[in-house]
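The values are calculated or read from the model by the stated rules, or taken from the named source; none is laboratory data. Remember, it's a predicted structure, so these values are computed and weren't measured experimentally. Don't worry about glycine lacking a Cβ; one is built from the backbone with ideal geometry, like all the others, and counts go over all protein chains shown.
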Amino acid sequence: MYRLAAILKRCGPRAAVERYRHKREQQQNAGANPSRFAWTSVLHGLRLSPLYPVLAGLLALISAGTGLYPFGPVLAAFVVFAPERWRSIYLAACLGSAAGSMVLAHTVQIVGGHLIAEYFPGLEHSQRWISAERWMLAYGPWGLAGIAALPLPQLPPLLILALAKTPTALIGLAILAGKLLKYGVYVLSVQMILMAIQKGLRRPPKNSEES
């Protein structure tokens, strides 16, 4: 009799309703997790991927070769998202910036100066161009290295050296030297800020110290 009651309890309508309700909850949770954490899992996988520094270098190349956007904030974001990979990000960013500058300089030397007027209208008559001309006449490619190390626009001096038929390898070396210094300061600053934040989070609140 007790055995029959146990069988009815496991196989009866009430048990079937409970199983259906439990299965429905599992399906809802399984359907909600991907939609909620999809982007998180994608970003986490990208952060651990070998392509993460390559992406930083590619964005640095585009920035240096087109002047569409400053790369400093992009570099800071890359380091914040994966601070343990700062070495590879830093190296890829410096190499990408040098490569993009060389591509732009080589393109100008092949196509000609009209490319500057077409894609950078008004740049040749701006004050930045005049100042860059003076700087390049005084210091040459090493003046470009100094500008690349400072928070200054590097496009005018780069184009001036390209029009002067300066070897692209020398232009790339000057950019690389400047970016090693400039991006090194950026990465070091981000790391120091992150360390300060972590130190502040680990510090116990004042109430717990007083008690």
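State whether the residues of the stretch 130-139 include one that is modelled with pLDDT under 90 and loosely packed, with under 11 Cβ neighbours inside 10 Å. Scanning the stretch 130-139 turns up no residue that is modelled with pLDDT under 90 and loosely packed, with under 11 Cβ neighbours inside 10 Å.
Residues that are of a type in the set (A, V, I, L, M) and modelled with pLDDT under 95 were ranked within the stretch 80-99; the one that is farthest from Leu123 (Cα to Cα) is Ala82. Gly184 passes every criterion in (1) free of Cβ contacts under 8 Å to residues at least 24 places away in the same chain; (2) loosely packed, with under 15 Cβ neighbours inside 10 Å apart from (1). From the list Lys179, Lys165, the one residue that fits, being basic (Lys, Arg), surrounded by 22 or more Cβ atoms within 10 Å (Cβ to Cβ) and either in contact (Cβ under 8 Å) with a residue 24 or more places away in the chain or over 25 Å from Val111 (Cα atoms) (or both), is Lys179.
Of the residues making up the stretch 58-79, those that are touching a Leu at 6+ places or on another chain (Cβ under 6 Å) and within 17 Å of Leu176 (Cα to Cα) number 2.
Considering every residue within the stretch 123-135, establish whether at least one is closer than 22 Å to Leu75 by Cα, among the hydrophobic types (A, V, I, L, M, F, W, C) and free of Cβ contacts under 8 Å to residues at least 12 places away in the same chain. So far as the stretch 123-135 goes, no, none of its residues is closer than 22 Å to Leu75 by Cα, among the hydrophobic types (A, V, I, L, M, F, W, C) and free of Cβ contacts under 8 Å to residues at least 12 places away in the same chain.
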